[in-house]
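Here is the structure we will look at, set down as structure tokens.
The values are calculated or read from the model by the stated rules, or taken from the named source; none is laboratory data. Here the structure is a predicted model, which is why all the values come from computation and not from measurement. Glycine gets a Cβ as well: all are built from the backbone with ideal geometry, and neighbour counts include every protein chain shown. Just the protein is used for accessible areas: all its heavy atoms, side chains included, with ligands, DNA and RNA removed. Shrake-Rupley method; radii C 1.70, N 1.55, O 1.52, S 1.80 Å.
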Amino acid sequence: MASAVVMPQKWALLSGRPPPPPPPSRLRIRPSFCVSMAAVRNEDIVIVGAGIAGLATAVALQKVGIGSLVLEQSESLRRGGTSLTFFKNGWKVLDALGVGDELRTQFPEIQGMVVKSKDGRELRSFTFKEEDESQEVRAVERSTLLETLANQLPPTAISFSSKLKSIERGENDEETTLKLEDDSLISAKIVIGCDGIRSPIAKWMGFQNPRYVGHCAFRGLGFYPNGQPLEPKVTYVYGRGVRAAFVPVSPTKVYWFVCFNSPSPGEKITDPSIMRKEVEKLVKDWPSELLDVIECTPDDTIIRTPLVDRWVWPGIFSPAVSIGNVVLVGDAWHPMTPNLGQGACCALEDSVVLAQKLAKAIKFGGMSVEDALRSYETERWPRIFPIAVRSNLVGTLLQFENPAVCSFRDNILLPKLVSLGPMLEHTNFDFEPLQPMA
């Protein structure tokens with residue numbers, strides 16, 4: 001059940017009557033926007049994108065008593081995708097959003113990890129609790145996570161088939177006008193861009209496209225209708241310029257990936273049979289457990305994606321995260337490679353920090369919304385930047401093709417030098433409780 005939404009007088013939120021439209025002089029109207037202002041829908045907060053970042057942000061705002069409208073370009077929640085691995089920082093946020101326990105009943109805890117060479121030789125094994133008693137690792141199906149988050153919101157909180165066409169700032173920066181593909185207009189006091197790696201809002205704000213890192217990945221979900229046979233561990237397999245992993249997601253499903261070097265992202269492949277053949281060629285004669293998981297994977301779950309990232313350092317590597325009342329969250333701001341399993345975790349962290357900043361601005365009035373958004377950036381980028389860089393460097397190390405480097409990795413670095421505890425320090429994350437506005 002959604003909690004009641006409370007807003008100060010100046011926000012005029014859900015007062016029982018639709019708020020009066022702003023005077024025409026408050027918007028800089030481009031020719032394509034020349035319609036009657038009566039046709040403009042007025043909203044206080046609009047979130048663009050109903051992915052993990054968007055839905056988590058909407059739920060976090062609701063937890064502090066602030067309503068929002070989520071725009072999603074698709075006709076429904078995303079059903080595709082495979083799974084995501086969440087460490088303790090992600091679970092801490094999911095608990096704060098009120099969905100942690102529900103997800104735990106569906107997805108078993110991963111006890112540890114095993115690292116092998118492509119010939120099946122075990123190089124190292126770890127148990128997460130032995131390294132950190134507070135650690136919690138589970139793989140969660142993306143579609144289930146989205147549905148669970150969406151169920152925390154009122155039925156009218158998500159507007160589907162609402163693809164953003166253009167965005168226009170108001171003359172005094174107090175409002176932003178969003179134009180959708182059907183030419184309808186929404187005037188918003190705050191716009192939160194959660195529209196993913198190729199975010200149109202990020203591009204509008206001056207961000208460059210994410211940088212291709214030189215690797216692509218095949219992913220899939222193996223399906224075992226009679227129950228999968230694996231222990232609750234993630235298994236990594238390393239070769240030269242190719243690596244793979246597989247991990248149980250549920251009693252009947254196993255997530256896997258195969259990452260390989262490629263000088264360019266290549267053409268988009270949609271034919272599952274072609275992708276399957278490429279995967280099997282990459283890992284031919286690798287451990288039988290991996291090959292079995294791939295063989296048990298339905299064609300419609302196999303995807304191929306180029307890996308990209310963006311190192312955010314406002315004013316140096318990238319623009320600021322906000323312009324006026326427009327701000328970015330998650331992959332729209334800081335896409336990162338999956339080598340540390342922190343992309344989705346960091347998006348969840350963003351959502352609670354942003355919600356808290358906006359709550360303080362709206363509740364106390366001593367901080368403007370613009371100041372709240374700048375405070376969000378000041379708190380988040382020192383955490384985001386090193387994680388993105390570290391994830392990139394880990395991927396580069398693991399994707400080396402040089403025989404001498406790979407021999408050092410397999411015979412010295414992994415068996416004798418690597419300690420898992422320090423490698424997981426980035427999963428420590430604390431934040432203030434999400435509490436409704438007084």
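For the reader, a short list of remarks on this structure follows.
- Each Cα pair under 8 Å and six or more residues apart adds its sequence gap; the mean of these over the residue count of region 35-143 is a relative contact order of 27 percent.
- Each Lys or Arg adds one and each Asp or Glu takes one away; over the other residues whose Cβ falls under 11 Å from the Cβ of Asn42, this sums to -1.
- Whole-number percent relative contact order across the chain, with pairs defined as alpha carbons under 8 Å at least 6 apart: 21 percent
- The share of alpha-carbon pairs in region 226-270 lying farther apart than 12 Å comes to 68%.
- Taking the inverse of the mean 1/r over every pair of distinct Cα atoms in region 255-345 gives a Kirkwood hydrodynamic radius of 16.1 Å.
- Directionally averaged shadow of region 316-438, computed from the convex hull of its alpha-carbon atoms, nm²: 9.4 nm²
- With every protein chain in place, region 181-263: carbon and sulfur % of accessible area (1.4 Å): 52 percent
- Largest GNM mean-square fluctuation among Ile186, Ile387, Ile274, using the chain with Cα springs under 10 Å: Ile274.
- Cβ-defined net charge surrounding Ser162, 14 Å radius [Lys, Arg +1; Asp, Glu -1]: -3
- Global form of region 230-301, assessed from the alpha-carbon gyration tensor, a/c cut-off 1.5: oblate
- Most mobile listed residue (Ala404, Ala202, Ala245) in the chain, GNM with C-alpha springs under 10 Å: Ala404
- Heavy-atom accessible surface of region 299-438: percent carbon and sulfur, 1.4 Å: 60 percent
- For region 69-124, the mean projected area of the C-alpha convex hull, equal to one quarter of the hull surface, is 6.9 nm².
- Magnitude of the charge dipole, region 181-304, Cβ model with Lys/Arg +1 and Asp/Glu -1, debye to 20: 540 debye
- Cα shape, region 221-376, gyration tensor, a/c 1.5 rule: prolate
- Of the chymotrypsin sites (Phe, Trp or Tyr not before Pro) in region 278-354, those whose Cβ has at most 16 other Cβ within 10 Å and which sit in DSSP loop: Phe317
- Assuming charge only on the beta carbon of Lys and Arg (+1) and of Asp and Glu (-1), the dipole of the chain about its Cα centre is about 680 debye to the nearest 20.
- Cα coordinate range in region 56-183, projected on the principal axes (Å, largest first): 62, 35, 29
- Every Cα-Cα pair in region 37-92 was counted, and those over 19 Å apart are 45% of them.
- Antiparallel DSSP beta bridges within the chain, percent to nearest 5: 70 percent
- Using the empirical formula 2.2 N^0.38 Å as the baseline, the Cα radius of gyration of region 101-142 reaches a ratio of 1.44.
- Evaluated over region 199-248, the Cα radius of gyration and Dmax, each in Å: 17.7, 51
- For a straight C-alpha distance cut-off of 23 angstrom, the lysines reachable from Lys233 (same-chain residues fewer than eight places away being disregarded) are Lys88, Lys92, Lys116, Lys118, Lys129, Lys253, Lys284, Lys416.
- Cβ-placed point charges (K, R +1; D, E -1), dipole of region 195-253 about Cα centre in debye, nearest 20: 200 debye
- Neighbourhood charge, 9 Å Cβ-Cβ cut-off, centred on Ile52 and excluding it, Lys, Arg +1 and Asp, Glu -1: 0
- Accessible surface for His215 stands near 20 Å², nearest 10, in the context of the full protein assembly shown (1.4 Å probe).
- Over region 266-391, relative contact order from alpha-carbon pairs under 8 Å, at least 6 apart, %: 24 percent
- Shape category assigned to region 137-219 from the gyration tensor of Cα positions, a/c cut at 1.5: oblate
- Most mobile of Ile47, Ile316, Ile302 in a GNM of the chain (Cα contacts under 10 Å): Ile316
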